[in-house]
Ligand SMILES: Cc1cc2nc3c(=O)[nH]c(=O)nc-3n(C[C@H](O)[C@H](O)[C@H](O)COP(=O)(O)OP(=O)(O)OC[C@H]3O[C@@H](n4cnc5c(N)ncnc54)[C@H](O)[C@@H]3O)c2cc1C
Ligand code: SF4
């Protein structure tokens, strides 16, 4: 029998970026907050001896233990979904700080176009432009409405950046100036300027200078140590939940984190939630934690899994197209081109997770789509994140994959390739969704989440178009040879792509086509907030976490309002 | 987004097969190099970080007999051969790296979801074997031995490098029948583990004396590049391992 604990104001399921932000904002406001985190405690001191590619980047030291829980995957409904037995395509977070600890820190806002994509597309190109089967819809919030929350998140992180001439209006400049530039970034800036584009430095959570945030917390200056993406920062220089928000919650005296606490159920009485059930994974004991407000902050996968397991809201049925929970799962595509340089060697092994330069000339509707049979676009960038030698063995296309020629070429080109990359926006499609797997179970006997996903026609066309643009930039930069990324075929769960999974519990203005409102309050349970990229109505063409953070600040405000007045916030 | 290896297996397989023309030494017995290291010749013993002769780590944690280990060693050397750039897999200690990895969590799939039911699955669904990596290596090595005997009536180590490459290519192209796994799956694991052993921190027993890093001009576990990041020129830096960081 599960032991019932004293009721608290707010319980968050997971303590990553979203759980940390809610805790800081609500505990400071006087609410009793409990954070249930399935993993262990960790902090900056744990990363001092962490410059180990094998352990962290390839054996996934900091990430989800898939022996306990994973997802199942298939490309389409006709296939049998099978477990993702090891991490690959995306790297799910676990332990204090979640994936926020081992992120890169590229902290872009989405663009005004993203939030009103349907209205803007139809207004400009007519109703037929959005093809059948794509659930493209407005988000129920505009960029201008979300702007103050972006500002809050960027101040919490101390983001280093500069004005992007093509972005939405900012109420304040970036808290800190952009990071240092490098030879390869300069080459990209020159080439894109010559092509008539408008380069700007990637907004970065690796800080250019020491900074104190609104909670009085100190974030240090980045040392460009190059062990950033997939690593924790040993300098406390990469903003993450553990240094930038969680201590603020702890200082309030109103916050408790319980580690090794795996939540197994959100308890729902048909109109409200009453709390959550969890298991202490070390002792095996079960507990019920009652709460006035439950916040799902467990990342896209588990946010959706909890809703499906507790039957909160109507499940999406791909046959009828009815229902919303699990619908609109999106990802991203990676157009790009690699330049091989015979004459020049670059310091590719140095870098930082968010060190780079970008253009937005092919983002959203910044270019005319009248003659194109896709919508949206993606950011185009060069990054210098620190290439490590096991994972980076670039070779010209006709090189064998092993043996003498492979050895020579992979050694030679390790410091002689520069990649121009993009993140292509991803639109919801009727056949791409999340539901519960009928066969496979996690370590607690609960069904695994099942992902049915493949690249769409829209993805394939966008990939081809943007790839061409990246190849042109690479040539302009003077590469001896430019090799464009291949055309898209089927999505594979195997190679790493991005941890930019979105959707499944999307926000919107209408309960019939969304799961949560613009405060991320569930339409069918007013004291349940579902916080994270699960709320994205589609995925934009830049990294998601600035938008995730902004929505978390908005949800925090929503919870404060709800605790005062109750009821639906919209 | 880290730069992934761009040129997929499929691109490679599209070509009509691996031309052995680039192989050094033509018919040189691959076992020549293998033997040298295996037979405890003090001259070719791998130098440890401190130049010590006592490589206590050079012993079996996973393997149980020398013959299996030599087959693995010869295969790794074909993936990453010694050449004018520098040492190959064997001199770099890669076979011991793999032995130790197979004995630990990686070889035992402790972080992998290993619950059934097991089905073959599509390539896009990834690893679906009920066998762990250690078991896959065992079976793969057994098959390598069998195929050398049936194709050439010799042991794998006794074959010429060209013959070894032919056999490995057959594994890579999934032409060798295996149960519970596939020859391509074994080959990919072996290839990946070899590259890991070449470039992982030397504490894992490969990348001896940081020679893997030196070839690639990768400086290892540096603490900071803040003074060099803006340099217009390529900066060649002496590598440093985690061991030296701990001793600072
Ligand atoms: C390698 C990598 C690089 C990235 N780089 C960038 C980048 O440059 N820019 C960007 O915008 N984004 C990036 N991201 C994405 C970013 O990390 C995520 O968007 C962000 O961390 C999401 O925050 P979250 O709070 O939703 O989830 P998380 O940070 O993942 O936190 C979720 C937490 O919930 C816990 N949890 C889950 N289920 C349970 C349960 N049942 N019970 C208890 N606890 C549970 C988990 O253990 C985890 O700690 C990157 C991600 C990765 C992996
Ligand atoms: S690159 Fe900078 S922010 Fe990233 S881990 Fe190193 S010091 Fe920290």
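Within the set of pairs 6 or more residues apart or between chains, which connect a residue that is more than 22 Å from residue A:569 (Cα to Cα) inside segment A:293-314 to a residue that is near ligand 1 (Cβ under 10 Å from one of its atoms) and in a helix (DSSP H, G or I) with Cβ atoms less than 6 Å apart?
A:300/A:533; A:300/A:534
Please find, among A:445, A:403, the residue that is on the phi > 0 side of the Ramachandran plot, surrounded by fewer than 22 Cβ atoms within 10 Å (Cβ to Cβ), within 14 Å of chain B (Cβ to nearest Cβ) and modelled with pLDDT of 95 or more.
When all the criteria are applied, what remains is A:445.
For segment A:47-81, enumerate the residues that are more than 7 Å from chain B (Cβ to nearest Cβ), in contact with a strand residue (DSSP E or B) (Cβ under 6 Å, 6 or more places away or on another chain) and within 19 Å of residue A:306 (Cα to Cα).
A:71, A:72, listed by residue number.
Please count how many residues of segment A:370-397 are farther than 28 Å from residue A:88 by Cα and surrounded by 18 or more Cβ atoms within 10 Å (Cβ to Cβ).
Summing the residues that are farther than 28 Å from residue A:88 by Cα and surrounded by 18 or more Cβ atoms within 10 Å (Cβ to Cβ) in segment A:370-397 gives 2.
May I ask you to verify whether residue B:218 is facing chain A (nearest Cβ under 9 Å), crowded, with 21+ Cβ neighbours inside 10 Å and in a loop (DSSP other than H, G, I, E, B)?
So residue B:218 passes the test.
Table: residues versus (1) buried (at least 24 other Cβ atoms within 10 Å of the Cβ); (2) away from ligand 1 (no atom under 16 Å from the Cβ).
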| site | (1), (2) |
| --- | --- |
| A:472 | no, yes |
| A:500 | no, no |
| A:555 | yes, no |
| A:564 | no, yes |
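Name the residue that is nearest to residue A:332 (Cα to Cα), counting only residues in segment A:479-493 that are in contact with a helix residue (DSSP H, G or I) (Cβ under 7 Å, 6 or more places away or on another chain) and surrounded by fewer than 21 Cβ atoms within 10 Å (Cβ to Cβ).
Checking each candidate, the answer is A:491.
It is to be established whether one or more residues within segment A:302-317 are within 14 Å of another protein chain (Cβ to nearest Cβ), buried (at least 24 other Cβ atoms within 10 Å of the Cβ) and under 30 Å from residue A:38 (Cα atoms).
Checked segment A:302-317: no residue is within 14 Å of another protein chain (Cβ to nearest Cβ), buried (at least 24 other Cβ atoms within 10 Å of the Cβ) and under 30 Å from residue A:38 (Cα atoms).
Can you pull out the residues in segment A:430-439 that are surrounded by fewer than 24 Cβ atoms within 10 Å (Cβ to Cβ) and over 18 Å from residue A:265 (Cβ atoms)?
Answer for segment A:430-439, where residues must be surrounded by fewer than 24 Cβ atoms within 10 Å (Cβ to Cβ) and over 18 Å from residue A:265 (Cβ atoms): A:430, A:431, A:438, A:439.
Do you know which residues across segment A:244-268 are in a loop (DSSP other than H, G, I, E, B) and surrounded by fewer than 24 Cβ atoms within 10 Å (Cβ to Cβ)?
Passing the criteria: A:252, A:253, A:254, A:259, A:260.
With (1) within 14 Å of chain B (Cβ to nearest Cβ); (2) more than 29 Å from residue B:97 (Cα to Cα); (3) part of a helix (DSSP H, G or I) as the list, and residue A:21 as the residue in question, which single condition is left unmet?
Residue A:21 satisfies every listed condition except (1).
Could you list all residues from segment B:89-112 that are part of a loop (DSSP other than H, G, I, E, B), buried (at least 24 other Cβ atoms within 10 Å of the Cβ) and within 11 Å of chain A (Cβ to nearest Cβ)?
Of everything in segment B:89-112, just one residue is part of a loop (DSSP other than H, G, I, E, B), buried (at least 24 other Cβ atoms within 10 Å of the Cβ) and within 11 Å of chain A (Cβ to nearest Cβ), namely B:89.
Step by step: first the residues of segment A:166-181, then only those that are in a loop (DSSP other than H, G, I, E, B) and touching a strand residue (DSSP E or B) at 6+ places or on another chain (Cβ under 7 Å), then the one that is surrounded by the most Cβ atoms within 10 Å (Cβ to Cβ). Which residue is that?
This residue is A:179.
Looking only at segment A:516-570, count every residue that is part of a helix (DSSP H, G or I) and more than 16 Å from ligand 2 (Cβ to nearest atom) and tell me the total.
The total comes to 23.
Can you tell me how many residues within segment A:21-46 are under 25 Å from residue B:213 (Cβ atoms) and touching a strand residue (DSSP E or B) at 6+ places or on another chain (Cβ under 8 Å)?
0
I'd like the residue in segment A:213-240 that is within 14 Å of ligand 1 (Cβ to nearest atom), within 18 Å of residue A:17 (Cα to Cα) and in a loop (DSSP other than H, G, I, E, B) and, out of all such residues, is nearest to the other protein chains (Cβ to nearest Cβ).
Here the residue is A:229.
Being modelled with pLDDT of 95 or more, part of a loop (DSSP other than H, G, I, E, B), away from ligand 2 (no atom under 16 Å from the Cβ) and over 22 Å from residue A:519 (Cα atoms), is that true of even one residue in segment A:289-305?
no
If residue A:536 satisfies every condition in (1) in contact with a helix residue (DSSP H, G or I) (Cβ under 6 Å, 6 or more places away or on another chain); (2) within 14 Å of ligand 1 (Cβ to nearest atom) but one, which is the exception?
The one condition residue A:536 does not meet is (1).
Evaluate segment A:118-130: report whether one residue or more is assigned to a loop (DSSP other than H, G, I, E, B), at pLDDT 95 or above and surrounded by fewer than 23 Cβ atoms within 10 Å (Cβ to Cβ).
Within segment A:118-130, one or more residues are assigned to a loop (DSSP other than H, G, I, E, B), at pLDDT 95 or above and surrounded by fewer than 23 Cβ atoms within 10 Å (Cβ to Cβ).
Residues in segment A:184-215 that are surrounded by fewer than 24 Cβ atoms within 10 Å (Cβ to Cβ) and more than 16 Å from residue A:473 (Cβ to Cβ): how many?
Here the count works out to 8.
Considering only segment B:113-125, state which residues are surrounded by 21 or more Cβ atoms within 10 Å (Cβ to Cβ) and either part of a loop (DSSP other than H, G, I, E, B) or within 14 Å of the chain's Cα centre (by Cα) (or both).
Answer for segment B:113-125, where residues must be surrounded by 21 or more Cβ atoms within 10 Å (Cβ to Cβ) and either part of a loop (DSSP other than H, G, I, E, B) or within 14 Å of the chain's Cα centre (by Cα) (or both): just B:113.
For the list (1) more than 9 Å from chain A (Cβ to nearest Cβ); (2) more than 25 Å from residue B:67 (Cβ to Cβ); (3) in contact (Cβ under 8 Å) with a residue 24 or more places away in the chain, I need the number of the one condition that residue B:238 fails.
(3)
Mind checking which residues of segment B:72-86 are under 25 Å from residue B:156 (Cα atoms) and either buried (at least 24 other Cβ atoms within 10 Å of the Cβ) or at the interface with another protein chain (Cβ under 7 Å from one of its Cβ atoms) (or both)?
B:72, B:73, B:74, B:75, B:76, B:77, B:78, B:79, B:80, B:81, B:83
Count, please, the residues in segment A:40-60 that happen to be within 12 Å of ligand 1 (Cβ to nearest atom) and assigned to a loop (DSSP other than H, G, I, E, B).
Qualifying residue count for the region: 4.
If you scan segment A:182-206, which residues turn out to be assigned to a loop (DSSP other than H, G, I, E, B), within 16 Å of ligand 2 (Cβ to nearest atom) and out of contact with any helix residue (DSSP H, G or I) (no Cβ under 8 Å at 6 or more places or on another chain)?
A:182, A:202
Residues that are buried (at least 18 other Cβ atoms within 10 Å of the Cβ), within 14 Å of chain B (Cβ to nearest Cβ) and touching a residue at least 40 places away in the same chain (Cβ under 8 Å): does segment A:106-117 have at least one?
yes
Regarding segment A:459-472, can at least one residue be identified that is part of a loop (DSSP other than H, G, I, E, B) and at pLDDT 95 or above?
No, because not a single residue in segment A:459-472 is part of a loop (DSSP other than H, G, I, E, B) and at pLDDT 95 or above.
I'd like the full set of residues that are away from ligand 1 (no atom under 13 Å from the Cβ) and surrounded by 20 or more Cβ atoms within 10 Å (Cβ to Cβ), limited to segment A:286-301.
Residues satisfying the conditions are A:291, A:292, A:293.
The values are calculated or read from the model by the stated rules, or taken from the named source; none is laboratory data. In this text, all values refer to a predicted model and were calculated from it rather than measured experimentally. When we count neighbours, we look across all protein chains shown, and the Cβ atoms used for this are built from the backbone with ideal geometry, even at glycine.
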